[in-house]
There are 2 protein chains.
Amino acid sequence: MSARGPAALPLEVWVEFASTYSYPTAMRVEADAAARGVRMRWRVFLLGPIFAAQGWNTSPFALYPAKGRYMWRDLERICAAEGLGFRRPDPFPARSLLAARVALLAEGAPWEGAYVRAVFHAEFAEGRDIADPDTIRAALAAAGGDPALVEAAGDGAVKARLRARTAEAEARGIFGAPSFTVGDELFWGHDRLETALRWAAGGA
Amino acid sequence: MSARGPAALPLEVWVEFASTYSYPTAMRVEADAAARGVRMRWRVFLLGPIFAAQGWNTSPFALYPAKGRYMWRDLERICAAEGLGFRRPDPFPARSLLAARVALLAEGAPWEGAYVRAVFHAEFAEGRDIADPDTIRAALAAAGGDPALVEAAGDGAVKARLRARTAEAEARGIFGAPSFTVGDELFWGHDRLETALRWAAGGA
């Protein structure tokens, strides 16, 4: 077994707004990290290009019906256990491009985490369409951000940053969401959140 | 959220001998179930026909390199955390047909669990080829079973039972291993073992 990451490395939290299991992770990870004294960074990215490179034109939950049926029931159980509202979004998977571009503009802002949570809440607790600019404006307003960032998100530099972010995810071995990285160490799935937090804290 | 399964329902543990994450589950589930007073039943089955129905001709870990790389590292971490030996089996995935047929002949025997664990240990801790009849004979002997069951496993009735078992798995929505069922409730993955045990115990 190789050495654990030193405590100085941040927990990088890779979420995709269309990803179902990213929802319960996003709603708690900032609080969980703070409770353990772990520094964290949101890494919003897109799974679509990574799935496409594997030959998938949509979510594996849409491609493989048994896996999809299981996931919805499993997510329902998780949301019940964690006290989260749940509504199955329609369409699924959501078109998450706009929400992701806005997230890059939010990076480093004190309301960044609140924006991420507001988008996931709108999508999975309220069943709203996150491809609708009004949904994103409402999420920005609720988080304390500027709703005009929706227009700024169309900027070429923002698009290029999101492409680079997604390419970085792929280069670092990420193939699903949520994922967690601590240096070169990768953890995949909401059920690995605790393990990733322990790793980032330098513990067992 | 629908009602939990009553405590009277057994925990059914679906394992496939070629499945990497079935290894840590198989090594502990019988003890964990006993500690919680949960009745359990081994349900050995084959994933190959289920994967084939999804258009896969081998393990998804072999088909999708990023997923495969992650799985080996993740399994290594899990085995270290659970105090299990680990050697990456070659070839992967193993040909598990003989081991599975013998498992059906072991069903209900007092040494059934010991046989299942002996096969997984030979494969993932010792790197032995479980398609070799001698490996299976050694596992039977170590478990307290009759090594001659290797010959009995070629019987047509045993082959038919394994086909029926695998068809039952598919009909019950199983698409990977390990899986756990408690009545109609399905849980997938080694990381769902605790949740499945709590469910079977009728608790939270």
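Among the residues of the stretch A:37-58, are any charged (D, E, K, R) and at pLDDT below 95? Explain how you work it out, then say what you get.
Of all residues in the stretch A:37-58, those charged (D, E, K, R) come to A:39, A:41, A:43.
Still in the running and at pLDDT below 95: none.
Looking through the stretch A:37-58, none of the residues is charged (D, E, K, R) and at pLDDT below 95.
Residue count for the stretch B:132-154 satisfying the condition of being under 14 Å from B:A100 (Cβ atoms) and surrounded by 13 or more Cβ atoms within 10 Å (Cβ to Cβ): 9. Residues considered: A:T166, A:T181. Of these, the only one that is in contact (Cβ under 8 Å) with a residue 12 or more places away in the chain and within 17 Å of A:V38 (Cβ to Cβ) is A:T181.
Among residues that are more than 24 Å from B:K67 (Cα to Cα), of a type in the set (V, I, T) and crowded, with 19+ Cβ neighbours inside 10 Å, A:V29 is not included. Within the span defined as the stretch B:70-85, one or more residues are assigned to a loop (DSSP other than H, G, I, E, B) and either touching a residue at least 12 places away in the same chain (Cβ under 8 Å) or crowded, with 20+ Cβ neighbours inside 10 Å (or both). Out of curiosity, is B:A66 more than 14 Å from chain A (Cβ to nearest Cβ), in a helix (DSSP H, G or I) and without any contact (Cβ under 8 Å) to a residue 12 or more places away in the chain? Judged against the criteria, B:A66 is not a match. Where helices (runs of 4 or more DSSP H) fall wholly inside the stretch A:97-204, the ranges with 2 or more residues that are more than 14 Å from chain B (Cβ to nearest Cβ), β-branched (V, I, T) and within 24 Å of A:L75 (Cβ to Cβ) are A:112-120, A:133-143.
I'd like to verify a number: residues in the stretch B:57-69 that are in contact with a Ser or Thr (Cβ under 9 Å, 6 or more places away or on another chain) and closer than 12 Å to A:I174 by Cα, how many?
Step one: list which residues in the stretch B:57-69 are in contact with a Ser or Thr (Cβ under 9 Å, 6 or more places away or on another chain), which gives B:59, B:61, B:68.
If we keep only those that are closer than 12 Å to A:I174 by Cα too, we end up with B:68.
Result for the stretch B:57-69: 1.
A quick yes/no check of all residues on (1) at pLDDT below 95; (2) under 14 Å from the mean Cα position of the chain (by Cα):
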site: A:A99; (1), (2): no, yes
site: A:A131; (1), (2): no, no
site: A:A139; (1), (2): no, no
site: A:A143; (1), (2): no, no
site: A:P178; (1), (2): no, yes
site: A:A201; (1), (2): yes, no
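Within the stretch A:28-52, can you find the residues that are more than 9 Å from chain B (Cβ to nearest Cβ), in a helix (DSSP H, G or I) and either among the hydrophobic types (A, V, I, L, M, F, W, C) or more than 19 Å from the chain's Cα centre (by Cα) (or both)? Passing the criteria: A:V29, A:A31, A:A33, A:A34, A:A35, A:F51, A:A52.
For the residues B:A164, B:A106, B:A94, B:A131, the requirement of being in contact with an Asp or Glu (Cβ under 8 Å, 6 or more places away or on another chain), under 26 Å from B:N57 (Cα atoms) and small (G, A, S) singles out B:A94. The residue that is farthest from B:A26 (Cα to Cα), counting only those in the stretch B:105-124 that are buried (at least 20 other Cβ atoms within 10 Å of the Cβ) and of a type in the set (A, V, I, L, M), is B:L105.
The values are calculated or read from the model by the stated rules, or taken from the named source; none is laboratory data. Owing to the predicted nature of the structure, the values given are computational and were not obtained by experimental measurement. For neighbour counting, all protein chains shown are included, and Cβ atoms are generated from backbone atoms with ideal geometry for every residue, glycine included.
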